[in-house]
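The values are calculated or read from the model by the stated rules, or taken from the named source; none is laboratory data. Note that the structure is predicted; figures quoted are calculated from it, not measured. Cβ placement follows ideal geometry from the backbone for every residue including glycine, while neighbour counts extend to all protein chains displayed. SASA here: full protein model, heavy atoms, side chains in, ligands and nucleic acids out. Shrake-Rupley method; radii C 1.70, N 1.55, O 1.52, S 1.80 Å.
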Amino acid sequence: MNLTDKLTILADAAKYDVSCSSSGSTRQGPKGAIGSAAKSGVCHSYTADGRCISLLKILMTNNCIYDCAYCLNRRTNDTPRAMFSVDEIVNLTMDFYRRNYIEGLFLSSAIIGSPDYTMELLVQAVEKLRREKNFHGYIHLKAIPGASPVLIQRAGLVADRLSINMELPSEKSLNLLAPEKKKQNLLLPMHQIQQGIVQHREERALSRKAPAFVPAGQTTQMIVGASGESDLQILRLSSALYQKFSMKRVYFSAYIPINEDSRLPQIARPPMLRENRLYQADWLMRFYGFDAAELLDETNPNFDPDYDPKIIWAVRHPEQFPVEINTAPYQQLIRVPGLGIRCARRIISARRTARLDFEDLMRMHVSLKRAQYFITCKGKYYRIQNPQPDVILRALKPEARSPYEQLSLFPDWQTAAPQPGIEVLGDKAFFPKKASAPASSQTDLLPVF
Amino acid sequence: MHSYLYDSTFDGLLTAWFYAYKDDTVYTICRNTDYQPDLLSQPVPVKTQPDKADRIRQSVQHNLSSYTMRNLYLLYLSELPDCDLLGLQYLRLCFQHGAGINHAKHHPVIRKVEDYRRKVYIEYDHMKGFLRFQQIGGQVFYARFAPDHNQLPLLRPHLERRFSDQKMIVHDEKRHCALLYNLQSSMIVPFTAEDAARLLENSRDDSIHAFRQYFQAINIPERANPKQQAGYMPHRYRKYMPETQPE
Ligand code: SF4
C-alpha cells in the first residue's frame, strides 16, 4: 500500500474527531528552526462540510482491539486497515507544514496491541518531530485510555494539547456502547494532565527554563444522540468537566449512524441542530457568564429547536429587561439576544464619547432584529413598547427549516468570540474571568457522570 | 480644487497628507498610477520627502497614539476606494479631538476606518492560512497569491518567524512584487509573471497530490455544507489553493 492510500484511509477514519483547533499555544522556535504557533490558531482550508482544516488530522492506525458500537474502526467491522510508521507520520507532517497546508499535527489512533504499545508509538512520533526535526508547530495528541502515566507524562512534555475523549455522556451509555473503555481509564489521565499543567505552571513561574506541559490545555469530546441523555445531563457533565479538569474545550459531535447495531438508535441523519444548540449553550457558559442551571432545568431538560438558548433565557426573564444601552454594564449587555461580544465592546467604547441612540447602533453595525425587544436607548424602545414574551417569540420564529438542517457550526454571534488582535481598545479588561476549580480527590473524579 | 498624487509608497502618502492637511480645497488623494484627469480639480504631484513623512509619524506617535498610526498604515495597505482621502479626514479628526475620538465607534469616519482596518486584518488572517508553497528544488519554496489588500508587508514577519529555515519567494501577482527570504533577511522587490515562469520551469511538487487526497478524505459527506465553506473560504482565493482544484 502506498503512502497516499494510507493517508486516505487514516484521514477518513480520523474525520469524526471534531476538534481541529490550533489555538491556545504560543510557540516560537529559534532562528533556523521551523514552525510557530499563535494563540488564536489559523485555518488553512475548509472542507465541503464547512469545517476548518487547521491540522493534519490522522490516525496512526485504524486497526483496533476494541469494539465500540458507534465506531467505524471497531474490531468486528470489515473495513480496509492501514498503519503509518513513525517516520511516515513525521515526514508527512513536515512536508505539509513546509508548504503551509497545515498549522501542525493532530495525531490519534485506534488501539493496536495494547494501550501502552499504541501510546508509545504516538509519543515517539511527536518526540521525533520536536527533537530531530526541530519542529515548533502545533501538536495535538490523543491520549489513549488505559495508557500508563509515564507515557502521558512524556506526551505532555512535547504536545501542545492532549485530549481524551469522554465518548458518551454517562457511565451507563459507556458500559453499553464502549464496554472495553472503563470510566476510570478516561478520567484518571484527565486528572493527571490537569495536575501536570498546574504543577508545571508553578515551576515555570519560578524558572523560565522549566519545560512547558500541555501549554494549550486539554480538551475532550462526546457523541450526542447515540444514547438517551437529555441536553441538561450533557450540559451538566460538560460544566463538570470544565470545572474539575480545567478543560479548555468540550466538543460535541452529532452521532452519525455508520454501523448496524441493535444498541444504537435508528436515525436517518445526524442530529446537527441539537449539536448546534449545545455549542451555543457551551459558548454562553464560557464567554457570556451563563450557568448551566440558567439555560436548562428539570422541567425544561432539552433545548428548543426553534430558538437559540439565549433568546429562551431572555423571554423567561422579563425582569432583566429592558437593558439601557447607555448605562448597562458589559456583563448585562452581552446577555441581550442579538448582541455579541464585539457589539458590546463597541457600545462600551462609543458611549464614552456620546449618549447613543438607535441610529448610532445601526451605524456601528449592531443588528436590531433580535436586540430591539430587549434594549432601550435613552429610555426608549426602538419600535414596540414593552414587548411580551409571546410577541417576541412569534416575531422571531424561524422560517420552516429545510430537512437537511444546514447549520453553521458557529452561528454569527458565536464567531464574535474574543479574537485577539482585531479590536484593540480596552480588549483585555472586558474578558470574563474564568473560574478555576480546585482539584478533586481521585475517588470522586466526576460525580455527575 | 486639488487632487494630490503620490508615488504609491507609504512615505509618499504621508508626504501628500502633510501638504494636504492645511489645504481646504482637497478634492482627492490618489496614486499617480490611478489618477484620471477630471474637470473639477487640478493635479498636484507630490514628491516623496522622507523628512516630511517622518514629521507626520513623529507627531502622530507623540500627540495621538500608535493605534492611530497603525490605522493610517492599514488604510494605506487596504487600497480600498478613497482610503487615501479617508486617511486625511481621519488624521484631521484625530488632531482635532485627540486620540480618544477612536472610541467613537458610531462616528462615520471612525466607523469607516474600523471597517477598512477589519477588512485588511480578516484577509491577513485568511492569507496566513491560505497561502500555498510549492517546492522548487533544494529548500526553496515559492508561493503566489493576489490578495485584495496589500498583504506582503503584514505577512513578512509571520512568514520569517514560521519558516525561518527555508528560502522563500512569495509572489503577489496583483502588485507585481515578491517577498524574497534567504534565511538571513527578507526584502520586497518587483517581480513579474515572466520571472515566475522562469523560476517554475521544470519544477514539480508531488506533495499537492497527497494533500488533495487528504482534503477529500477528511470531509464528512453526511454534513455537506458548501454555503458555509464558501463563507469561510471565498471562491476568489481558491485559484491559488490547489486542493480545491481538480488534478
Ligand atoms: S477504541 Fe477507539 S478506535 Fe477502537 S473501536 Fe473504540 S472508538 Fe473505535
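Kindly establish whether B:Lys105 is surrounded by fewer than 21 Cβ atoms within 10 Å (Cβ to Cβ) and among the basic types (Lys, Arg). Here the answer is no, as B:Lys105 does not meet what is asked. If the condition is being within 11 Å of another protein chain (Cβ to nearest Cβ) and open to solvent by 30 Å² or more (accessible area, probe 1.4 Å), then region B:83-98 contributes only B:His97. In the set A:Tyr66, A:Tyr16, only one residue is aromatic (Phe, Trp, Tyr), within 16 Å of the ligand (Cβ to nearest atom) and at the interface with chain B (Cβ under 10 Å from one of its Cβ atoms); that residue is A:Tyr16. In this structure, is B:Leu180 surrounded by 13 or more Cβ atoms within 10 Å (Cβ to Cβ), modelled with pLDDT of 90 or more and either assigned by TED's automatic domain parsing to the domain that holds B:Pro153 or more than 26 Å from B:Gly138 (Cβ to Cβ) (or both)? Yes: the conditions hold for B:Leu180. Taking region A:228-258 as the range and being polar (S, T, N, Q) and within 14 Å of chain B (Cβ to nearest Cβ) as the test, only A:Ser253 passes. Selection over region A:115-128 of residues that are away from the ligand (no atom under 12 Å from the Cβ) and either surrounded by fewer than 23 Cβ atoms within 10 Å (Cβ to Cβ) or within 14 Å of chain B (Cβ to nearest Cβ) (or both) gives a count of 7. When restricted to residues that are open to solvent by 30 Å² or more (accessible area, probe 1.4 Å), within 20 Å of B:Pro234 (Cβ to Cβ) and either within 16 Å of the ligand (Cβ to nearest atom) or in contact with a Gly (Cβ under 9 Å, 6 or more places away or on another chain) (or both), region A:41-63 contains 2. Suppose the filter is on the phi < 0 side of the Ramachandran plot and buried (at least 18 other Cβ atoms within 10 Å of the Cβ); does B:Tyr67 pass it? No. Quick one: which helices (runs of 4 or more DSSP H) sit completely within region A:156-258 and have at least 3 residues that are of a type in the set (S, T, N, Q) and open to solvent by 20 Å² or more (accessible area, probe 1.4 Å)? Here the list reads A:183-206, A:231-245. With the structure loaded, tell me whether B:Leu74 is modelled with pLDDT of 95 or more and more than 23 Å from A:Ile348 (Cβ to Cβ) or whether it fails that test. Taking the combined requirement at face value, the residue does not satisfy it.
Here is a yes/no grid of residues against (1) in contact with a His (Cβ under 8 Å, 6 or more places away or on another chain); (2) open to solvent by 90 Å² or more (accessible area, probe 1.4 Å); (3) modelled with pLDDT of 90 or more:
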| position | (1), (2), (3) |
| --- | --- |
| A:Ala350 | yes, no, yes |
| A:Arg370 | no, no, yes |
| A:Lys380 | no, yes, yes |
| A:Arg383 | no, yes, no |
| A:Val391 | no, no, no |
| A:Ala400 | no, yes, no |
| A:Gln414 | no, no, no |
| A:Val424 | no, no, no |
| A:Lys433 | no, yes, no |
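Do we find a residue being in contact with a His (Cβ under 8 Å, 6 or more places away or on another chain) and surrounded by fewer than 18 Cβ atoms within 10 Å (Cβ to Cβ) anywhere in region A:12-19? There is no residue in region A:12-19 that is in contact with a His (Cβ under 8 Å, 6 or more places away or on another chain) and surrounded by fewer than 18 Cβ atoms within 10 Å (Cβ to Cβ).
The single residue among A:Phe106, A:Phe135 that is within 14 Å of chain B (Cβ to nearest Cβ), closer than 27 Å to B:Arg212 by Cα and within 16 Å of the ligand (Cβ to nearest atom) turns out to be A:Phe106. Scanning region B:209-238 for residues that are among the hydrophobic types (A, V, I, L, M, F, W, C), at the interface with chain A (Cβ under 7 Å from one of its Cβ atoms) and more than 21 Å from A:Phe106 (Cβ to Cβ) yields a single hit, B:Ala224. Scan region B:122-145 for residues that are open to solvent by less than 30 Å² (accessible area, probe 1.4 Å) and within 17 Å of the chain's Cα centre (by Cα) and the total you get is 8.
Any residue in region A:77-85 that is open to solvent by 30 Å² or more (accessible area, probe 1.4 Å), away from the ligand (no atom under 16 Å from the Cβ) and not basic (Lys, Arg)? Looking for residues that are open to solvent by 30 Å² or more (accessible area, probe 1.4 Å), away from the ligand (no atom under 16 Å from the Cβ) and not basic (Lys, Arg), one finds at least one in region A:77-85, hence yes. Is it true that some residue in region A:22-38 is open to solvent by 10 Å² or more (accessible area, probe 1.4 Å), within 16 Å of the ligand (Cβ to nearest atom) and facing chain B (nearest Cβ under 8 Å)? No, region A:22-38 has no match at all.
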